[in-house]
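First up is the structure itself, then whatever we jot down about it.
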Amino acid sequence: MDKDIQSYIFINKLKSLPFVNEIWLFGSRARGDNDERSDIDIAIICPNITNQEWLEVMSIIENADTLLKIDCVRFESTKIRSELYKNILKEKKIIYVKNKP
């Protein structure tokens, strides 16, 4: 059985970062045509993030509690015209949205 994406510790660590606004799942796991070895594709929405903060995101990804490959994309609205971004927007499954104060 496929592990629920929300149950991964690395997802909860990403959610706890103050600069992460949203996390989207995309690719085969979002479409539902994945198998047990399919990678995990996630897009992180974090406007105005610094390079140091992005390194913190990547450290969490690199130390994730899974043996599956994780592809992580820093989603930036300025690149919205690229094919990858168009596919992400079409396939995305929102797995986290920060509560606005």
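Restricting the search to segment 29-53, which residues are polar (S, T, N, Q) and part of a helix (DSSP H, G or I)?
Those that are polar (S, T, N, Q) and part of a helix (DSSP H, G or I): Asn51, Gln52.
Out of the residues in segment 2-28 that are charged (D, E, K, R) and in a loop (DSSP other than H, G, I, E, B), state the one that is farthest from Val97 (Cα to Cα).
Of everything passing the filter in segment 2-28, Asp2 is farthest from Val97 (Cα to Cα).
How many residues does segment 1-28 contain that are within 22 Å of Glu76 (Cα to Cα) and in contact (Cβ under 8 Å) with a residue 40 or more places away in the chain?
14
For segment 50-73, check the following and say yes or no: at least one residue is farther than 21 Å from Ile9 by Cβ and of a type in the set (Asp, Glu).
no
One residue is enough: does segment 75-88 have a residue meeting the conditions out of contact with any strand residue (DSSP E or B) (no Cβ under 9 Å at 6 or more places or on another chain) and at pLDDT 90 or above?
No: zero hits.
Of the residues that sit in segment 45-92 and are surrounded by fewer than 15 Cβ atoms within 10 Å (Cβ to Cβ) and touching a residue at least 40 places away in the same chain (Cβ under 8 Å), which one is nearest to Asn21 (Cα to Cα)?
Asp71
The values are calculated or read from the model by the stated rules, or taken from the named source; none is laboratory data. Not measured: the values here are computed from a predicted model. Using ideal geometry, Cβ is built from the backbone for each residue, glycine included, and neighbour counts are taken over all protein chains shown.
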